[in-house]
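The next block holds one structure in the form of structure tokens; read it before the comments.
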Amino acid sequence: MGNAHPGAHGGHNHGAMIADFRRRFWVSLALTIPILLLSPLIQRLLGLEAALAFTGSSYVLFALSSGVYFYGGWPFLKGLFAELETRKPAMMTLIALAISVAYFYSSAVVFGVQGEVFFWELATLIDVMLLGHWIEMKSVLGLLAHWKNWCK
């Protein structure tokens, strides 16, 4: 853990972090389902373009994706600033950069720039990263508890 995320976990209550990642994961996952259904590529792949298309769907997709980006992505965005402050960019910087590029480019497409949106990729990346960090925190807490018992 120590070197994996400089500044991201040090000095924090791991139990609270586990609960935070779990909550963010489930909320983001719930928002991801309609994001997937509203995404043009997914609709084309499933042959549901006509059935799921409606006026303003791109704005609904933008709103749902904004929720996932800002709520689900917050730990990674916060970690980006912590890593840059210590001048040690690492995984949080990589994740924050990836989700930010996807979000801001896709938002520009919704509001008139020519291109394809990447909101479903943004949402699923955040979901996977939240799940991974949730599992990581649970593992760390389990190892710490095991280590404390072993040292007694």
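Table for the structure above
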item	result
Restricting region 85-95 to residues that are part of a helix (DSSP H, G or I) and open to solvent by 90 Å² or more (accessible area, probe 1.4 Å), the residue that is nearest to Asp127 (Cα to Cα)	Leu94
Enumeration of residues in region 43-63 that are more than 30 Å from Pro89 (Cα to Cα), among the hydrophobic types (A, V, I, L, M, F, W, C) and open to solvent by 30 Å² or more (accessible area, probe 1.4 Å)	Leu45, Leu46, Leu48, Ala50, Ala51, Leu52, Ala53, Phe54, Val60
Boolean, Val117 is part of a loop (DSSP other than H, G, I, E, B), open to solvent by less than 60 Å² (accessible area, probe 1.4 Å) and closer than 12 Å to Ser65 by Cβ	yes
Pair list, Cβ under 6 Å, 6 or more apart: region 89-117 residue farther than 17 Å from Val128 by Cβ, other residue of a type in the set (Ser, Thr, Tyr) and surrounded by 12 or more Cβ atoms within 10 Å (Cβ to Cβ)	Val110/Ser58; Val117/Ser106
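Residue by residue, here is whether (1) farther than 21 Å from Leu31 by Cβ; (2) polar (S, T, N, Q); (3) in a helix (DSSP H, G or I); (4) open to solvent by less than 40 Å² (accessible area, probe 1.4 Å) holds:
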| residue | (1), (2), (3), (4) |
| --- | --- |
| Ser65 | no, yes, yes, yes |
| Tyr71 | no, no, yes, no |
| Ala82 | yes, no, yes, yes |
| Leu97 | yes, no, yes, no |
| Val101 | no, no, yes, no |
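The values are calculated or read from the model by the stated rules, or taken from the named source; none is laboratory data. Fair warning: this is a prediction, and the values are worked out from it, not measured in the lab. Reconstructed Cβ throughout: ideal geometry from the backbone, glycine too, with neighbour counts over all protein chains shown. Areas reflect the complete protein model, heavy atoms only, side chains present, ligands, DNA and RNA absent. Shrake-Rupley method; radii C 1.70, N 1.55, O 1.52, S 1.80 Å.
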